[in-house]
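J.: Just passing along the structure, written as structure tokens.
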């Protein structure tokens, strides 16, 4: 692969991670936050969303195709890249390694999540998505742990991805601006993790806020 093509694909992959995937991540967390308002509110919100005309078109254009491009090319970057964290264990080298690992975990988790919660009725004869069904799933400590790991991995990957996106697209070129965006990326990671965790706990009647 030529260096120009690799550079172009890297910029596209980075862009898709922020738009539309990052935006959808926030929207998805916001929809799930309806669980904190109770079973009826959550089921109503999900029912309206799933009843949106031709929702599958938007899902494939905005979510699934960008996710496949971002995820599969990310796996290629991981496979062909080299981490030198064992030789030079500085902060950015660790972030590079964690970005790759969190991306792999998040990608596997999202594929699992989509099949179970979006197409579970079709492929696995799982009941229609509802507050009651999710609450039942989360009573299993293993499933809850899997979703918590997937959530934190996705939150970290997106947060740190903002930092790499700004560098890849030439938005942050100075040390001060990079330090500022690095701080913002950690805030995003923590806020998104807590936002998602609150929704998960809400299904068990134990939400934080």
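J.: Helix 21-32 sits at what angle to the longest principal axis of the chain, using alpha carbons and giving 0 to 90 degrees rounded to 10?
T.: Value to nearest ten degrees: 30.
J.: How would you rank 139-151, 43-55, highest first, on the average number of other Cβ atoms within 10 Å across their residues? The partial results should precede the final answer.
T.: Values: 139-151: 13.9, 43-55: 12.2.
By packing density, highest mean first, the sequence is 139-151, 43-55.
J.: Give me the angle, in degrees from 0 to 90, between the Cα long axis of helix 65-80 and the longest principal axis of the Cα atoms of the chain, rounded to the nearest 10.
T.: 40 degrees
J.: OK, next. Compute the angle between helix 141-168 and the longest alpha-carbon principal axis of the chain, please, reported from 0 to 90 degrees and rounded to the nearest 10.
T.: 40 degrees
J.: Still on this model: Give, in nm to one decimal, the length gained when the segment between residue 191 and residue 4 is fully stretched (0.36 nm per residue of separation minus the Cα-Cα distance).
T.: Working: separation 187, 0.36 × 187 = 67.32 nm, distance 3.60 nm.
That works out to 63.7 nm of additional length.
J.: A follow-up question, please. Taking the alpha-carbon set of segment 145-209, what are its Rg and Dmax in Å?
T.: 14.5, 46
J.: Take the alpha-carbon centre of segment 1-68, take the same for segment 142-161, and report the distance between them in whole Å.
T.: Each part's Cα centre sits 15 Å from the other's.
J.: How many nm is it between the label spots at residue 94 and residue 31, if each spot is 7 Å from the Cα in line with the beta carbon?
T.: Modelled inter-label distance: 3.6 nm.
J.: Report P(r) for the chain: all Cα-Cα distances, bin width 10 Å, range 0 to the bin holding the largest distance, values in whole percent.
T.: Whole-percent P(r) values from 0 Å outward: 8, 31, 35, 18, 7, 0.
Only the coordinates and a few stated rules stand behind these numbers; no lab work does. The shown structure was predicted, so the numbers you read here are calculated from the model rather than taken from an experiment. Note that we place each Cβ from the backbone using ideal geometry, even for glycine, and neighbour counts take in every protein chain shown.
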